[in-house]
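To start, the structure under review is shown below, and the notes come after it.
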Amino acid sequence: MKEILDISLENEMDLVLAHRRSMQVGEQLGLTVATRTTFATAVSEVARTAIEYTDNGRLNIIVTGKFPRYSLYAHVVFDSDQVFRASDEGFFYAKKLLPDFTFNSSGNAYFIEMGLGLPRSLKLDDPKLGLLKDHFENAEPLNAYEEIKNKNNHLNKLTGEQEEEIRMRRELDEKKKEFISIASHELKTPITIVKAYTQMLKQLKGEYSEKVSGVLDKLDLQTTKLSLLAQQLMDVSKIENGSLQYELVDVDLNSFIKEALDILSSIHIGNEIRLTLGENCRIKADPLRLEQVMANLLGNAVKYSPKNSVIDVLTKLSPDETSVTVTITDRGLGMSKEGIERIFDKFYRLEEVSSSHPGLGMGLYITSKIISDHGGRIWVESVPSKGSSFSIAFPVHQ
Ligand code: ADP
């Protein structure tokens, strides 16, 4: 079966199209004037009824059969609450014109099929029918109405395709979110258990050799990294679900930063971390989340800098004392301008570090969300091969 034409039947203008296009199909197939007029008139009779009572009709002109026997058919479908019968005027005449006529209905859906056998003398074959389809697909519009109608159809088709794509993307995104949520929870339990056993074993120090002790230290370090990853995955999932929660308290910023850096310096012993405290102030923040922010920014500064390089941490109160900025400056890899624009995106990593440095691109995404949820701001200044400066600014708590 080859569909040659598809015309929606919405108003009287479509009746003109249905008639003229049916005539043209007959002409292209090589039917005599009498036969094509008969076919087109039958089609018009049925289309007229559909158009008179509905605006949802559709006309399809198709060629069925196999070489060398083909038939030309017109299908008209429409929905209507009104009851129609095969004996109604339009259908009655169409049936007289084309005896190969069937009238079907199911509920309020109507389906009318009418057609005629095509003589062998037309010497049709499948390639010729393919050309016929192409001919009508590329045919010039019959009038301005058809031109607009074609454009609308094209636009509707594009919109439909785009909507479908958006729907599929949303579905995929939902599945990804669900996967991240489940995976992070499932990972957390075994990691916690491994970590607890490692800690237990470490406490039995003296009962095993130095070598085993070294292995346990490595095991401990790796499970800490794994646990951090699982925690980050869980945070990403919470951000997506809008369920990241905060316990805001009054925080003395300078003391907080100093304490956080004492802990972080003992972890990152390979780099010198220099702290310069500005005038003190208080902010409203969730200390655990703030610690996470500092750990991420300092961890990155260490990760993307040479060993032994200096990392500066600076706090600075704004002149009007309404905001305070914490800046972490490293002397590391730095970043390109294009990279800077995207580093706060979820899962984004600069290409230059993707194979040389471990990571999943979640840290800065989570950090920026935590900062913005605190009413703050995060930004970065960076020069490739020279280093980066990450700054976070918070409103001062009066
Ligand atoms: P991760 O470090 O796990 O990749 P992040 O979200 O913390 O994830 O960082 C995203 C990307 O930003 C990193 O992959 C890296 O390319 C870049 N980046 C972050 N901090 C720095 C830094 N201090 N120096 C250079 N590049 C950095």
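List of remarks:
- Rounded to the nearest 20 debye, the dipole magnitude of region 161-241 is 560 debye, with +1 charges on Lys and Arg beta carbons, -1 on Asp and Glu beta carbons, and the Cα centre as origin.
- Filtered GluC sites (Glu not before Pro), region 5-75: DSSP coil and at most 16 other beta carbons within 10 Å: Glu10
- A cut-off under 13 angstrom between Cβ atoms defines the neighbours of Asn153, and their net charge, with Lys, Arg +1 and Asp, Glu -1, is -3.
- Sites listed here are trypsin sites (Lys or Arg not before Pro) in region 122-212 whose DSSP assignment is loop and whose Cβ has at most 14 other Cβ atoms within 10 Å: Lys123, Lys205.
- Partners for Lys149 among lysines (Cα-Cα distance below 29 Å; same-chain residues under 8 apart left out): Lys2, Lys128, Lys133, Lys157
- Working from label points 7 Å from Cα in the Cα-to-Cβ sense, the Ser265 to Phe136 distance is 8.3 nm.
- P(r) tail, region 1-156: Cα-Cα pairs separated by more than 23 Å, 35% of all pairs.
- Estimated FRET transfer efficiency (Asn156, Val249; beta-carbon r; R0 56 Å; 0.05): 0.50
- Quotient of Cα Rg and 2.2 N^0.38 Å for the chain, N being how many residues it contains: 1.72
- Once the C-beta distance of Thr322 and Thr192 is scaled by a Förster radius of 35 Å, the resulting FRET efficiency is 0.25 to the nearest 0.05.
- Candidates per trypsin sites (Lys or Arg not before Pro) in region 276-351, loop by DSSP, up to 11 other Cβ within 10 Å: Lys307
- Along region 77-83 the Karplus relation, 6.51 cos²θ - 1.76 cosθ + 1.60 evaluated at θ = phi - 60°, assigns HN-Hα couplings of 10, 7, 10, 7, 6, 6, 8 Hz to successive residues, with x for each Gly and Pro.
- Taking only Cα atoms of region 249-395, radius of gyration then Dmax in Å: 14.6, 45
- Pairwise label distance in nanometres, Glu178 with Ala86, each label 7 Å out on the Cα-Cβ vector: 4.9
- Longest DSSP-loop-exposure-free segment, chymotrypsin sites (Phe, Trp or Tyr not before Pro), the chain, at most 16 other Cβ within 10 Å: 1-207
- Cβ-defined net charge surrounding Val194, 13 Å radius [Lys, Arg +1; Asp, Glu -1]: +4
Computed from the coordinates by the stated procedures, all read-outs in this text should not be read as laboratory data. None of these values were measured; they are calculated from a predicted model. Positions of Cβ are backbone-derived with ideal geometry, glycine not excepted, and every protein chain shown enters the neighbour counts.
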